[in-house]
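Visitor: For reference, the structure I am asking about is given below.
The values are calculated or read from the model by the stated rules, or taken from the named source; none is laboratory data. This structure is a prediction, so every number in the text was calculated from the model and none was measured. Here the Cβ positions follow ideal geometry from the backbone for every residue, glycine too, while neighbour counts run over all protein chains shown.
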Amino acid sequence: MTEWTVMAEHMPATQLATVLRDAITRLNRRVRQTRPVGDLTGTQLSALTSLELAGALTPRELADTERVQPPTMTKIVAKLEERGLVQRTPHPTDGRQVILAVTDPGRSMLAQFDRARNEWLAGRLTELTPEDREVLRRAAEILQKVARD
């Protein structure tokens, strides 16, 4: 049993929540910083990822998803569209609206970012002991349960 295990067994849930949130935040920040060379901003990458996950959204839905104001999203979408990463199509039922979707080059860009992040993280994981990797595998399962809606 490690010192951390002993500490965690006696740690109140609120303290564990703080420690866990901090670790996840730091790891997430580090993974986000690992990306191929390019001029896509974090905000643009996030919007592109949200569109890919959703399949297609109106600009308003995308702004709501990304928690930014519509004028900000308009600028983000314009940059993505300028680079050919996003395309607009007419809304099927509302002529005043458009639908945004990721293009094939946008999907390729997302795949490139994913590969770079996965390679960085896999490299860090190989530095750990097999026991530590097993703990993280188990922790990933538990975090999936915690994150369920």
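Visitor: Do the conditions hold for residue 65, that is, is it in contact with a Phe, Trp or Tyr (Cβ under 9 Å, 6 or more places away or on another chain) and farther than 20 Å from residue 136 by Cα? Steps first, please.
Guide: On the way: in contact with a Phe, Trp or Tyr (Cβ under 9 Å, 6 or more places away or on another chain): no; farther than 20 Å from residue 136 by Cα: yes.
No.
Visitor: Right, something else. Looking only at residues that are of a type in the set (Val, Ile, Thr) and at pLDDT 95 or above in region 75-98, which one is nearest to residue 112 (Cα to Cα)?
Guide: Let us first name the residues in region 75-98 that are of a type in the set (Val, Ile, Thr), namely 76-77, 86, 89, 93, 98.
Those left that are additionally at pLDDT 95 or above: 76-77, 86.
Details: 76: 20, 77: 20, 86: 16 Å.
The qualifying residue nearest to residue 112 (Cα to Cα) is 86.
Visitor: Take region 91-108 and flag every residue that is assigned to a helix (DSSP H, G or I) and either among the aromatic types (Phe, Trp, Tyr) or touching a strand residue (DSSP E or B) at 6+ places or on another chain (Cβ under 9 Å) (or both).
Guide: Step one: list which residues in region 91-108 are assigned to a helix (DSSP H, G or I), which gives 104-108.
Answer for region 91-108, where residues must be assigned to a helix (DSSP H, G or I) and either among the aromatic types (Phe, Trp, Tyr) or touching a strand residue (DSSP E or B) at 6+ places or on another chain (Cβ under 9 Å) (or both): just 106.
Visitor: Which one of these is outside any loop (DSSP other than H, G, I, E, B) and in contact (Cβ under 8 Å) with a residue 40 or more places away in the chain: 27, 48?
Guide: On the way: 27 fails: in contact (Cβ under 8 Å) with a residue 40 or more places away in the chain.
Answer to the check: 48.
Visitor: Show the residue pairs meeting these rules: Cβ distance below 8 Å; 6+ apart or different chains; first residue within region 92-114 and without any contact (Cβ under 8 Å) to a residue 40 or more places away in the chain and more than 16 Å from residue 48 (Cα to Cα); second residue β-branched (Val, Ile, Thr) and not in a helix (DSSP H, G or I).
Guide: 92/99; 97/58
Visitor: State yes or no: is residue 54 within 17 Å of the chain's Cα centre (by Cα), aliphatic (A, V, I, L, M) and closer than 30 Å to residue 16 by Cβ?
Guide: Values: within 17 Å of the chain's Cα centre (by Cα): yes; aliphatic (A, V, I, L, M): yes; closer than 30 Å to residue 16 by Cβ: no.
No.
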